[in-house]
């Protein structure tokens, strides 16, 4: 059993590396979007956030993933990037 656990942990580690690369790409896109925002109030678009979370719920159910997991992950990611944008917003 321990051998299998190690094998799965190794696979999770490889997957985590792929996720890390995607986060790096997403961060670059968010930085580019931030440059286009003229006012700090443009950082949070609650309507867009709600739409994203609805889509994630539907995709989760369609793919047999617990929607509570994906909702938590996406909410955390969204608000982490909101915080990032607030900290890096440069008023023109």
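The values are calculated or read from the model by the stated rules, or taken from the named source; none is laboratory data. Bear in mind that the values here come from a model prediction, so they are computed numbers and not experimental data. Don't worry about glycine lacking a Cβ; one is built from the backbone with ideal geometry, like all the others, and counts go over all protein chains shown.
Residue under question is residue 33, and the condition is that it be over 11 Å from the mean Cα position of the chain (by Cα), surrounded by 10 or more Cβ atoms within 10 Å (Cβ to Cβ), on the phi < 0 side of the Ramachandran plot and in a helix (DSSP H, G or I); does it hold? When the stated conditions are applied, residue 33 passes them. Just one residue in the set 21, 78 is surrounded by 11 or more Cβ atoms within 10 Å (Cβ to Cβ) and on the phi < 0 side of the Ramachandran plot; that residue is 78.
Flag: residue 7 does not match the condition of being at pLDDT 95 or above, surrounded by fewer than 12 Cβ atoms within 10 Å (Cβ to Cβ) and part of a helix (DSSP H, G or I). Only one entry in 69, 52 is modelled with pLDDT of 95 or more, within 17 Å of residue 26 (Cβ to Cβ) and out of contact with any strand residue (DSSP E or B) (no Cβ under 6 Å at 6 or more places or on another chain), namely 52.
Exactly one residue out of 90, 41 is in a loop (DSSP other than H, G, I, E, B) and over 24 Å from residue 20 (Cα atoms), and it is 90.
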